[in-house]
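Beneath this line is the structure, given in C-alpha cells, with notes to follow.
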Amino acid sequence: MTKGDILNSKNKNISMLKGTVANKGIAFGTISFLKRAKTGLEKTSVSDTKAECERFEKARLHAISQLSALYDASLEKLGEQNAVVFQIHQMMLDDPDYVSSVNKLIEKEHTNAEYAVTKVAHKFEKQFLEMDNDYMRGRAADVIDISRRVKEILMMHAGKLKKHGLTFDNKGPVILATDDLVPSETVQLDNQKVTGIITSKGSTRSHTAIFARTMGIPTIVCIGDELTEDLEGKKAIVDGNSGYVYIDPDESTLLRFTEMKKTDDVQHSHLEEYRGKETKTRSGRPIRLYANSGSLADIDLIKASDAEGIGLFRSEYIYMQAHDYPTEEEQFKIYKDVLKGMDGKKVIIRTLDIGADKTAEYFMLKPEENPAMGVRAIRLCLTNRALFKTQLRALYRASVFGNLSVMIPMITSVEEVVECKRIIDDIKKELTDQELPFKDDVEFGIMIETPAAALISDELAPLVDFFSIGTNDLTQFTLAADRQNADLGTYLNPYHHAVVRLIETTVKNGHAAGIWVGICGELASDEKFLGKLIQLGVDEMSVVPSSILTLRAKIATLG
Ligand code: PEP
Ligand code: MG
C-alpha cells in the first residue's frame, strides 16, 4: 500500500482509521462491537467486613478453578505456550499483594467485594501501564481480566448475573471491535467467524496480540477514540500491513485488497517452502537464523517459527516477573527447561540486563539522573557479585541439558570481560568441588552494544567465543539519542554511517580473531538492511520468531 493509494482512497471519501499493527494480514467483514455482561460499579456499605472478605475468598477460589478448566480447554486450541497465560492468571489471583489489597479495602472502607476488586484492579492496571517496559505494560490487560472474572463470579453468587458474558452480533465474517480484549475473551473467539480484530486501546505485546497471532487473525490495536460504536454493522477492511481500517470501502478498494490478499496468501504458502531448510545466501554462505526470546513460554512459538536456535534469551524478564530475587534453584529449573525444550539447538542466554528501562522493585535501584548510562547490566552484576554468581551457577548447572552459550551485556572494557571470566572460573571450581555437573565447553560471548566495545573489538575478540551486536543500544549510544524518547525517532537511525561503521569494525575484528559475529538488535529483522548485513559478513541473526521464514527466503536471494 503506497501513500498514493491512501490518498486515493481519501479522495473517494472512504473513511479510514489508523492504529498499530499487532498481527499482519488482510481481513474483510462487518464491524461488530463486543458486548460484555453489564456488571456496573456499585459501591455499597457492608457492616460485616469479615463475611465480605469470605465472599471475596470464595469467588477468588472459584475463579482459580475456572482458570484451571480454561487452561485445559485452550491447550488444544492454542498450544502450551499460549494456554500458559491461564496458569499465570491463577498465580496472579494468588498474589499476596493483590489479595491483601482487596481485603484491606473491604475492611478500611466497609465496602462490598465487587467494588474493592474493581478498585484494586484499576490500581494495578495503572501501575503496569506506567512501567517503561513493553512486556510489563502488556500485563495490565491480565489484571483487568482476572478481576472481571472475580467480579462476575461475585455477582453470580449473589444471583445478580446469570453467566459470564461475551457476545457480539452478526453471524460473520466479523471484524470484532472493542476497547481492549482480555486473554480469556480472545480464547473464546472462533477464527472462522472473527476475521479481524480492531481495538481502541491495547498493546502489541499483550497476550491478546500474541493469541491473535497464533490464531492468525489480522489485528490492529491502539486506534484511539475514533473507534466509535456508530461504526457497528459497517463493512470494513482491516489492512494489517499498513495499520489502516477502511470503513465502507467502495468497489475498487475492495477489489484492490482482494487482489492483495491473494498475493499475501500465495507469498505465505511460498514461505512454507523454506521450513526445515538451512539458511544460506545465494552463493551458499550459511547464516545462522535464531530467535529472540524472553521466557520459557516462548519455546513452542520459537519451535513453530522454525528458528535454528535462540540467539538472545533476555534473562532479566525472569527477574522482572518475580517478586523477589529468583533463587539459584528457580533459575536452574527455567534454564534447564528452556535448554531441554530447544532439543539440543543453540540457546544463547544473556546474563541479567536490569537497569534503565528494565527494573524490578525489589532491586531498589538508586534513582539515577541517566539510568541508561548508569549502574545497569554487567555493571550491576559486578557490583553485586552474589547476584551474578547465583545466576551463573544456575546457568552452568543447566548447561548439561542442552547447547548453552552465555553472553554478557553492556560491555565497555577488557577488564570487565577478564573479570567475568575469572568469576566463571570460580563458579566452575565451586561446582566441581560440590560434584555438581556442568559442561566445560559452554560458549562465552559478549554483546557489542556500546561504541567503546565496538572500537576495542580487536582487543576483546581474543577473549571470547563470539560477539553479538546489540544494535538497539549501539544506535542510542553512538547517536546520543535516548531510545525511550519518542520525540527522537528520526535521530535514532540505525542506518547512520557511524553505526554501520561500528558494525563493520566489529565484524572485521571478530573474524580476524577467528570468532563468529551475530546481530540481536531489531536491525537484524529489517528486510531493507539485510543485504548490507550479509555484505558486512554477519554470521548470525537473532530476530522475532515471526520473521524467521521471511528472512530465510530473503537471504536466499542475497549475497
Ligand atoms: C540491543 O540493545 O540491541 C539488545 C538486543 O538488547 P536490548 O534491546 O534488550 O537492550
Ligand atoms: Mg541492549
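The values are calculated or read from the model by the stated rules, or taken from the named source; none is laboratory data. This structure is a prediction, so every number in the text was calculated from the model and none was measured. Here the Cβ positions follow ideal geometry from the backbone for every residue, glycine too, while neighbour counts run over all protein chains shown. Heavy atoms of the whole protein, side chains included, go into the accessibility calculation; ligands, DNA and RNA do not. Shrake-Rupley method; radii C 1.70, N 1.55, O 1.52, S 1.80 Å.
Values computed for the structure shown
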{"item": "Percent carbon-and-sulfur accessible area, the chain, ignoring ligands, DNA and RNA, probe 1.4 Å", "result": "52"}
{"item": "Kirkwood-type radius of the chain, with distances r between different C-alpha atoms, in Å", "result": "25.6"}
{"item": "Karplus-derived HN-Hα couplings along region 253-263 (A = 6.51, B = -1.76, C = 1.60, θ = phi - 60°), whole Hz, x at Gly and Pro", "result": "5, 4, 5, 4, 6, 4, 4, 4, 5, 4, 4"}
{"item": "His268 accessible area, 1.4 Å probe, all protein chains in place, Å² to nearest 10", "result": "120"}
{"item": "Estimated dipole of region 185-342 in Debye, rounded to 20 [Cβ of Lys and Arg +1, of Asp and Glu -1, Cα centre]", "result": "860"}
{"item": "Virtual spin-label span in nm between Lys50 and Thr228, 7 Å along Cα→Cβ", "result": "5.3"}
{"item": "Of all DSSP beta bridges in the chain, antiparallel share, percent nearest 5", "result": "35"}
{"item": "Per-residue ³J(HN,Hα) for region 552-559, Karplus 6.51 cos²θ - 1.76 cosθ + 1.60, θ = phi - 60°, Hz, x for Gly and Pro", "result": "4, 5, 5, 4, 4, 9, 10, x"}
{"item": "Surface per residue (accessible, 1.4 Å probe) for the chain, Å²", "result": "45"}
{"item": "Qualifying GluC sites (Glu not before Pro) for region 458-559 [loop in DSSP, other Cβ within 10 Å: at most 13]", "result": "Glu527"}
{"item": "Gained length - Glu527 relative to Asp357, 0.36 nm times residue gap less alpha-carbon distance", "result": "58.5 nm"}
{"item": "Amide H contacts of Gly294 (H built 1.01 Å from N, under 5 Å, at least 5 apart or other chain)", "result": "Arg314"}
{"item": "For Asp179, residues with placed amide H under 5 Å, excluding near neighbours", "result": "Ser200"}
{"item": "Value of [θ]222 nm, deg cm²/dmol, for the chain, DSSP H segments ≥ 4, -39500 (n - 2.57) each, nearest 500", "result": "-14000 deg cm²/dmol"}
{"item": "Under 5 Å, built H, 5+ apart or other chain: amide partners of Ser15", "result": "Ile247"}
{"item": "Under 22 Å from Lys18, Cα to Cα: lysines that are on another chain or at least 8 residues apart", "result": "Lys3, Lys10, Lys201, Lys234, Lys235, Lys261"}
{"item": "Approximate spin-label separation Glu328-Asp248, in nm, with each point projected 7 Å along Cα-to-Cβ", "result": "6.9"}
{"item": "Candidates per trypsin sites (Lys or Arg not before Pro) in region 181-279, loop by DSSP, up to 14 other Cβ within 10 Å", "result": "Arg275, Lys277"}
{"item": "Calculated from backbone phi, Karplus (6.51, -1.76, 1.60) coupling profile of region 334-350 in Hz, x at Gly/Pro", "result": "5, 4, 4, 5, 5, 5, 5, x, 8, 6, x, 6, 4, 10, 9, 9, 7"}
